[in-house]
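Single-structure report; data block below.
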Amino acid sequence: MPDQRTTLDKPARPAADAGRSRLGDVTRPVVRDRRVLVGPRSSTVLLALVALGIAGALAYALFGIPFRTLFEQDERIAERTEQVDELEAVVADLRSEVDRLNTEDGIREAAREELGYVETGEIRESILDYPDLPTDLPNGWPYSVVNEITTVRRGGLPAPSGAVAPAPTTVAPTDDG
């Protein structure tokens, strides 16, 4: 005979669980001894530190970087203002020179200085300084004589050092007329 057991149908939900969620086991609190994190507030402290880090990074991005850039721009503006002031001074000098050269006397003066212009009745004379004296001559005749001449021309003083200034140019009027 076949095994005839009597089976009872299991009720769909026990009467005690009528108002509870099926996720009750998952949402039930874990006993303190079985918790992964030790201590009751460790997760709260960790969460607070992460939140502070994010808030600090956000504050730096919103306030720190723009203010640093603002201060750097102020420094650059001050430098540019100084450069503009210097350039304006140069422009003012050039304008005054242009104004001077646009006059009759300015044209005459520029022609004399740059082109060597001489008006009628004037003679141009250029007075040049002596050239630099050689000081690295070998010993013996005829160079010993040249060394004595250079010493006399120098007035017994050591050879001058440095660059020689350009020769002055003078214009002398003549008595021709």
Calculate the spin-label point distance for Thr44 paired with Leu128, positioning each point 7 Å from the Cα along the beta-carbon direction, and give it in nanometres. 10.0 nm
What nm value, rounded to one decimal, do you get for the distance between Asp74 and Glu109 when each label is placed 7 Å out toward the C-beta? 4.6 nm
Treat every Asp and Glu Cβ in segment 37-101 as -1 and every Lys and Arg Cβ as +1, leave all other atoms uncharged, and give the resulting dipole magnitude about the Cα centre to the nearest 20 debye. 860 debye
Given charges at Cβ of Lys, Arg, Asp, Glu: segment 63-136 dipole, positive-most of Tyr117, Val90, Ile127: Val90
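Rule-based calculations on the coordinates, nothing more; no lab input. Keep in mind that what you see is a predicted model, and the values were worked out from it rather than measured. Here the Cβ is made from the backbone with ideal geometry for all residues, glycine too, and neighbour counts use every protein chain on show.
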